Structures are given as C-alpha cells and as structure tokens.
Amino acid sequence: MTAHLKMAELHCHIEGAASPALALQMARKYNVDVSGIIRDGTYVWEDFSRFLTCYDAVAELFRTEEDYALLAETYLTELADAGTIYSEIIVSPDHGNTIGIGSDAYIAGLAAGIEAARAKTGIEGRMIITIIRHLGPSAAEHTALYAARRTHPLVTGFNLAGDERLFSVADFARAFDIPRDSGLGLTIHAGEMAGAFSVRDALDHVRPSRISHGVRAIEDDDLVRRIADEGVVLETCPGSNVSLQVFPDFTAHPLRALHAAGCRVTLNSDDPPFFHTSLRQEYEIASQVMDFSDEQIDGMTRTAIEAAFIDEATRARLLASL
Ligand code: ADE
Ligand code: ZN
C-alpha cells in the first residue's frame with residue numbers, strides 16, 4: 001500500500017481528468033446527447049484516434065469560465081484528498097477558442113479552480129499550455145505566441161500533445177522557440193504512439209528538460225543512456241500506456257528498466273477516468289505490480305518536484321514537506 005506516501009504529478013490533461021459523472025452534469029446543463037461517448041458511466045473509445053475524438057467531445061461540454069473553474073477545482077481537490085501536494089495540469093487554450101469563450105477566459109477559469117483548491121486543501125497547481133499536433137505547425141505557432149505572452153502567473157510550461165503519428169517534431173521546432181525565449185518550461189509528448197526516433201527528435205529539436213511519456217526510448221539503448229546522462233525527466237503514465245495498448249500489460253511496461261538504467265522517472269495519470277486509473281492507482285501499480293520500494297517511489301515524487309515548472313521558493317517548500 002502507498003496510501004502513506006505523498007504524491008506529485010507533472011502530467012494530466014485537464015479535460016481528460018473530467019469524470020464521466022461531471023461530464024454528464026455538463027451534458028444535462030447544455031442539453032447535449034452524450035450516448036455516443038459515455039455508456040454505463042464510462043467513456044467509450046476503441047483506439048488512440050477514437051480516444052482523441054472522445055476527449056475533444058468531452059472538452060466541448062465545458063463551455064464557460066465557471067465550468068472550467070469547477071473542473072480544475074474538482075480534480076485538484078480530489079488529488080489533494082488522495083495525498084497529492086503538487087499538480088501540473090496540461091491545458092489547451094485552443095479549446096477555449098473552440099467553445100467561443102477565448103483563451104483568456106479559459107485560463108482564468110482554470111486558474112480560479114486551482115486557487116480555490118489551494119485555499120481548501122493547500123495543493124499547489126500550475127498550468128502547462130499545450131499545442132495540439134494534429135492541428136498542425138501554424139496553429140501551434142499561434143498558440144505558442146499566446147503562451148509566450150505569459151497572461152497568467154500560474155502558466156509556467158509548454159507542451160505538445162495530440163496525434164504523435166502526424167507531422168514530425170522538427171515541424172514544431174519554431175513553435176517551441178517562442179515559449180523557450182519567454183522562460184516557460186518545456187516538455188513534449190514523444191515516445192508514446194511513435195518509437196524511439198520520436199524521443200530522439202524531441203531532444204534534438206526542442207531540447208526539453210522533460211519528456212511526456214518517453215517510454216518507447218526503451219527501443220534504443222543509446223537513447224536510454226543519453227536520457228540518463230542528460231538527466232531528462234520522463235513523465236511516465238503506465239496506466240495510460242497499457243490502456244492504449246502501447247504495452248500489453250504492466251509487466252511488459254519499461255518503467256522498471258528505465259529506472260534501473262538511471263533515467264529520472266515520475267508517475268502520472270495522463271487522462272485518469274479515460275484509462276480507468278488515478279494518480280494513487282499509478283503509485284499502487286508501481287508498488288504492487290512493478291515492485292518498486294517505498295523509498296524508490298518517494299524518489300520519483302522528489303524527482304517530480306525537482307523537475308516541476310515552479311519558482312525556487314515553492315520548490316524548496318514542497319521538497320521540505322516530503
Ligand atoms: N491528449 C490527451 N491525452 C493524450 C495522450 N495520451 N497522448 C497524446 N495526446 C493526448
Ligand atoms: Zn499526455
């Protein structure tokens with residue numbers, strides 16, 4: 001059992017954290033038929049492409065600043081109640097534009113939710129703005145310019161999510177130059193739906209301090225050594241990987257091998273209700289199925305705080321609380 005261990009998370013897409021119950025509440029509010037995406041209280045999707053479609057449909061159920069505040073407050077309060085001291089949520093201003101409220105209101109709503117959860121529970125939260133790969137490089141550069149304006153102090157990082165099978169990392173290199181110059185922390189989805197080459201491209205073209213997933217680096221020994229040598233932090237999400245069939249089961253998952261090779265790894269939930277997981281469950285799997293000791297798991301939590309996109313005073317306070 002890991003219930004006595006504090007937790008920290010670097011990788012959770014906020015719309016992917018909406019429980020089916022909350023999504024249904026929104027669907028009732030806006031009179032939307034969700035029978036195609038929620039059945040028997042669970043999200044319905046069959047493969048990665050349909051997961052992304054389902055994700056977008058859920059995102060479109062949240063339509064106002066207040067809806068986004070409720071979503072962030074609900075998720076972070078739940079995390080805090082489960083023993084989490086820090087969470088970075090991945091946010092997509094493009095969704096704010098899709099639903100018509102615009103990026104600023106979308107970010108303001110999420111920030112209000114983060115602040116409300118902190119006031120109630122003490123959990124620290126930050127936002128990572130993501131660009132969406134399947135929307136293409138030019139939309140990405142537009143969003144990057146928005147991120148670089150640093151319109152809210154709780155926005156501290158920048159990511160690339162979406163369909164890794166489309167475009168190449170080099171196509172987004174310019175989009176990453178913009179937030180890098182403005183001082184945002186950089187991480188990038190790679191080595192999830194595409195192989196080791198994608199992780200190598202990410203390191204070469206983006207020079208991030210962290211990789212979102214990165215687990216398929218395991219296909220290339222030299223690359224694993226490079227990740228370990230350079231101290232790049234991997235935001236691993238084993239439950240997501242098994243659910244999306246990146247690996248057939250937890251015993252085939254490379255987290256243990258990456259850890260043994262000296263890579264800096266962390267535990268994350270990605271889109272928890274979509275993958276029937278939670279951050280606590282990821283910790284439990286690491287302990288019970290992958291056989292990591294409490295000390296090793298605590299080390300991953302420490303790594304997450306060390307690699308977090310936060311100011312140094314907050315980092316020191318969080319590290320001291322572990
Ligand atoms: N967006 C939400 N979840 C994602 C994932 N697991 N991979 C890529 N993009 C995503
Ligand atoms: Zn992700």
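The values are calculated or read from the model by the stated rules, or taken from the named source; none is laboratory data. Here the structure is a predicted model, which means the values were calculated and not measured. A quick note on method: Cβ atoms are made from the backbone with ideal geometry, for glycine too, and the neighbour counts reach across all protein chains shown. These area figures cover heavy atoms from the full protein model, side chains too; ligands, DNA and RNA do not enter into them. Shrake-Rupley method; radii C 1.70, N 1.55, O 1.52, S 1.80 Å.
Worth pointing out:
- Modelled FRET efficiency - R0 30 Å, ALA21 with ARG174, Cβ distances, 0.05 increments: 0.15
- Maximal additional length on extending the ASP298-LYS120 stretch stands at 61.6 nm, based on 0.36 nm per residue less the C-alpha distance.
- Point-charge dipole on Cβ atoms (K/R +1, D/E -1) for the chain, about Cα centre, debye to 20: 460
- For the stretch 7-321, the solvent-accessible area with a 1.4 angstrom probe is 37 square angstrom per residue.
- Centre separation in Å (Cα based) which lies between the stretch 35-50 and the stretch 86-117: 24
- Computed FRET value (nearest 0.05) for HIS276 with ASP56, which takes r as the C-beta separation and R₀ as 22 Å: 0.65
- Potential lengthening between HIS152 and THR42 on full extension [0.36 nm per residue; Cα-Cα distance subtracted]: 36.2 nm
- Largest to smallest in accessible area, the residues HIS13, HIS276 fall in the order HIS276, HIS13 (1.4 Å probe, all protein chains included).
- Each residue of the stretch 234-243 was assigned a 3J(HN,Hα) from its phi angle through the Karplus expression (A = 6.51, B = -1.76, C = 1.60, θ = phi - 60°), giving 9, 8, 7, 9, x, x, 4, 4, 6, 4 Hz with x at Gly and Pro.
- With contributions of -39500 (n - 2.57) from each DSSP H run of at least four residues, the per-residue ellipticity at 222 nm computed over the chain stands at -14000 deg cm²/dmol.
- Scalar couplings 3J(HN,Hα) for the stretch 120-137, obtained by applying the Karplus form with A = 6.51, B = -1.76, C = 1.60 to θ = phi - 60°, are 7, 10, x, 5, 8, x, 9, 10, 10, 6, 10, 9, 10, 4, 6, 7, x, x Hz; x denotes Gly and Pro.
- Accessible area of the stretch 7-321 belonging to carbon and sulfur atoms, whole % at 1.4 Å probe: 50
- Summarising the strand pairing of the chain, around 5 percent of its internal DSSP beta bridges are antiparallel.
- Under the convention that each Lys and Arg Cβ holds +1 and each Asp and Glu Cβ holds -1, the size of the dipole of the stretch 13-107 around its Cα centre is about 260 debye.
- A simple packing score, the average count of other Cβ atoms within 10 Å per residue, orders the peptides 142-152, 84-94 as 84-94, 142-152, with the highest score first.
- Projecting the Cα positions of GLY36, PHE62, HIS253 onto the charge dipole of the chain (unit charges on Cβ atoms of Lys, Arg, Asp and Glu, taken about the Cα centre) puts PHE62 furthest along the positive direction.
- Under 5 Å between amide hydrogens, built in the peptide plane, is the criterion, and for GLU88 it picks out GLU9, LEU10, HIS11, ARG126 among residues at least 5 positions away or on other chains.
- For the stretch 133-181 versus the stretch 248-313, the inter-centroid distance based on Cα atoms is 25 Å.
- The per residue volume of the convex hull around the alpha-carbon atoms of the chain is 120 Å³.
- Ranked packing of 127-140, 218-231, most packed first, by mean Cβ within 10 Å: 127-140, 218-231
- Relative to the current alpha-carbon distance between SER182 and GLU66, full extension at 0.36 nm per residue lengthens the span by 38.9 nm.
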